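Worksheet: one structure, shown below.
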Amino acid sequence: MSQPSIPGLSDVRLAEAAAWRVHLTEIDADTTAEFEAWLANPANTQAWAHVSHPWDYLSHQAHEPELVAARQAALGDAKRASRRYIAPILRRRAVGAIAAVLIASVTIWGGAQWLQRPDDYRTAPGERRIISLVDGSKISLDANSDVTVRYTKNSRELHLLQGQARFDVAHDVERPFSVQAGNQKVIATGTAFNIDMAGPKVLVTLIEGHVVVLDENVRSAAIAINRPSSVELKAGQQLTAVDTAPPAIAPVDIQRVTAWANGQVIFDNEALSSVVARVNRYTKTQIVISDPKVGAMRISGVLNAGDVNSFVDIVTHYLPVRAATNDAGDIALVSEAKN
């Protein structure tokens, strides 16, 4: 007795389902009276679900030439097998051929799913890397950052999960390039821009070209929110977005914003909590601030990325704070007024 290729289903029922799938495709029909009669059996319904799901998935989702060619080859093999099969009595010699078509279909479906998975690029603390994409676009990924990339026939979809990155986008008007960061989505066709997920804020800086920034909070809101759902940026402008307020747009120094790519951290009258969040990307020894008043203090300076000791020296010299090592080995910045 043959063993079922899928637990709970016999090869015979799976072969029947595969043959019906091919037959309906051949006659360009969704159903027939004979098929409905066959489908009335619960075991046949289960077998049909196993066969039709991957086949339908390919029909609607797989546009890659390799998958299209493989599916066409599988259909050709299945046609030859089903001509011997659709009959009152299943011919056992057709079972192997149709089962092989079933396996090919499932294998192709698995390959399609694999191709749909985004690529994930990460950096460790202190590490920076440049990623060249297949279309000629480039990602400069800052330390302790994470970005996913998913290219399809009609779109280029990226998601900055944490950290900071610069995106140099190859021009392609037919395939928009989008980057999701928090609740902000940047849409471009060919340009260069920088995104920094700095604590609760998302900073989008346009280096050159043109981008539109969509506010997903507004677009998905059930009630009207009194702020625009999209903003266009000009070169040299930076959008600052937080969940609780409308986005703010201001001119910035591009050299300062992109200094991280050269191993520098430049901060100009910036909140200490925001600066610490960036400094922490470059070192395993973390700096922590538990007092909101300390975090709100402002500071300016230039720092070599990863030089945490120099940063602590600058902070404790110019601000009324002191540094202490906590039980976890991190550096805590506390107010000098505290004992």
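The values are calculated or read from the model by the stated rules, or taken from the named source; none is laboratory data. On a predicted model such as this, the values are computed, not experimentally measured, just so you know. Heads up: the accessible areas ignore ligands, DNA and RNA and are worked out on the full protein's heavy atoms, side chains in. Shrake-Rupley method; radii C 1.70, N 1.55, O 1.52, S 1.80 Å.
Within the accessible area of segment 189-339, what % is carbon and sulfur when the probe is 1.4 Å and the other protein chains stay in place?
Working: 3840 of 7850 Å².
Percent of accessible area from carbon and sulfur atoms in segment 189-339: 49.
Which entries of 201/284; 153/201; 138/185 have Cα-Cα distances beyond 27 Å here? Intermediate values should be presented prior to the final figure.
Working: 201/284 23 Å; 153/201 32 Å; 138/185 18 Å.
Long pairs (Cα-Cα over 27 Å): 153/201.
Protein chains only, probe 1.4 Å: how do 30, 215, 307 rank by accessible area, largest first?
Largest accessible area first, the list is 30, 307, 215.
Please work out the average accessible area per residue across segment 262-305, using the 1.4 Å probe convention, and give it in Å². Kindly include the intermediate steps, with their values, before the conclusion.
On the way: 2100 Å² over 44 residues.
Spelled out: the 1.4 Å probe surface of segment 262-305, per residue, equals 48 Å².
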